[in-house]
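The structure under discussion appears below in the form of structure tokens.
The values are calculated or read from the model by the stated rules, or taken from the named source; none is laboratory data. It should be emphasised that the depicted structure is a prediction, and the values quoted were computed from it without experimental measurement. Reconstructed Cβ throughout: ideal geometry from the backbone, glycine too, with neighbour counts over all protein chains shown.
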Amino acid sequence: MNLNLKKGCIFSGTIFKLHGYKGEVNIYTEDVSINLKEIKYFLININEVLVPFFTDSVRQKKENILLVKFTDINSESKAKEILRKKTYLPKDIITQNKIKKEEKELLGYKVKDINHGSLGEITEINTQTSQPLIYVEGKSIKFCFPMHKEFIKEINQEKNTITTNIPKELINLN
């Protein structure tokens with residue numbers, strides 16, 4: 001598979017079953033924290049190429065099952081063409097939702113900024129505000145920043161780190 005194409009995407013599930021005769025499909029997914037309203041399309045692996053399929057509707061059918069109606073798939077025969085195919089979503093949708101799911105787990109994570117290096121450790125997450133705030137404490141610095149995909153570029157659970165892109169002005173503001 002083209003790794004550059006996959007770089008901005010993350011595996012989201014597998015189309016495992018048809019639903020009815022009008023082209024709806026069931027996608028088995030392990031990540032149920034996705035905000036379904038944000039999904040405009042899925043990328044489907046067809047012959048090792050990720051092809052975008054735009055959605056008319058996406059809804060939760062069961063805990064790990066999404067019921068999806070794709071815009072250009074209106075028959076059972078068309079739906080069979082994508083049966084058992086793997087689906088992907090843009091990382092920014094997943095990243096924002098993983099943040100919501102893992103808020104409590106992020107305490108103690110090391111914060112590494114792509115421009116400023118190691119900034120410190122997450123000591124608190126305030127979810128009482130309209131935009132949750134992440135509080136970071138380092139050796140000589142204490143600051144907070146909004147929990148937003150603009151600032152958080154990657155969450156690495158294996159290394160307990162968060163990669164960020166925080167402007168110097170925001171770090172110095174606190």
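Please verify whether residue 123 is farther than 25 Å from residue 37 by Cβ and either at pLDDT 85 or above or assigned by TED's automatic domain parsing to the domain that holds residue 161 (or both), treating the condition exactly as stated.
Details: farther than 25 Å from residue 37 by Cβ: yes; either at pLDDT 85 or above or assigned by TED's automatic domain parsing to the domain that holds residue 161 (or both): yes.
Against the criterion (farther than 25 Å from residue 37 by Cβ and either at pLDDT 85 or above or assigned by TED's automatic domain parsing to the domain that holds residue 161 (or both)), residue 123 qualifies.
Results for (1) free of Cβ contacts under 8 Å to residues at least 24 places away in the same chain; (2) closer than 18 Å to residue 93 by Cβ, shown as yes or no for each residue.
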| site | (1), (2) |
| --- | --- |
| 22 | no, no |
| 25 | no, no |
| 29 | no, yes |
| 37 | yes, yes |
| 44 | no, yes |
| 56 | yes, yes |
| 61 | no, no |
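For region 118-147, name all the residues that are touching a residue at least 24 places away in the same chain (Cβ under 8 Å) and under 20 Å from the mean Cα position of the chain (by Cα).
127, 132, 134, 145, 147
Among 102, 137, which is among the acidic types (Asp, Glu), modelled with pLDDT of 90 or more and surrounded by 14 or more Cβ atoms within 10 Å (Cβ to Cβ)? Walk me through how you get there before you give the answer.
On the way: 102 fails: modelled with pLDDT of 90 or more.
None of the other options fit; the residue is 137.
Which ones in region 114-160 are within 19 Å of residue 8 (Cα to Cα) and touching a strand residue (DSSP E or B) at 6+ places or on another chain (Cβ under 9 Å)? Step through it out loud before you land on a result.
Going residue by residue through region 114-160, those that are within 19 Å of residue 8 (Cα to Cα) are 114, 148-157.
Passing the criteria: 114, 151, 152, 153, 154, 155, 156.
From the residues in region 148-160 that are within 18 Å of the chain's Cα centre (by Cα) and of a type in the set (D, E, K, R), which one is surrounded by the most Cβ atoms within 10 Å (Cβ to Cβ)? Step through it out loud before you land on a result.
We begin by selecting, within region 148-160, every residue within 18 Å of the chain's Cα centre (by Cα); these are 148-158, 160.
From the residues that got through so far, the ones that are of a type in the set (D, E, K, R) too are 149-150, 153-154, 158.
Details: 149: 14, 150: 12, 153: 16, 154: 12, 158: 5.
Of everything passing the filter in region 148-160, 153 is surrounded by the most Cβ atoms within 10 Å (Cβ to Cβ).
Of the numbered conditions (1) at pLDDT 90 or above; (2) more than 13 Å from residue 162 (Cβ to Cβ); (3) of a type in the set (A, V, I, L, M, F, W, C), residue 145 satisfies every one except a single condition; which is it?
Unmet condition: (2).
If residue 34 meets every condition in (1) surrounded by 13 or more Cβ atoms within 10 Å (Cβ to Cβ); (2) modelled with pLDDT of 90 or more apart from one, which number is that one?
Going through (1) surrounded by 13 or more Cβ atoms within 10 Å (Cβ to Cβ); (2) modelled with pLDDT of 90 or more one by one, residue 34 breaks only (2).
Can you name the condition, by its number, that residue 12 falls short on among (1) modelled with pLDDT of 90 or more; (2) of a type in the set (Ser, Thr, Tyr); (3) in contact with a Leu (Cβ under 8 Å, 6 or more places away or on another chain)?
Looking at each condition in turn, residue 12 falls short on (1).
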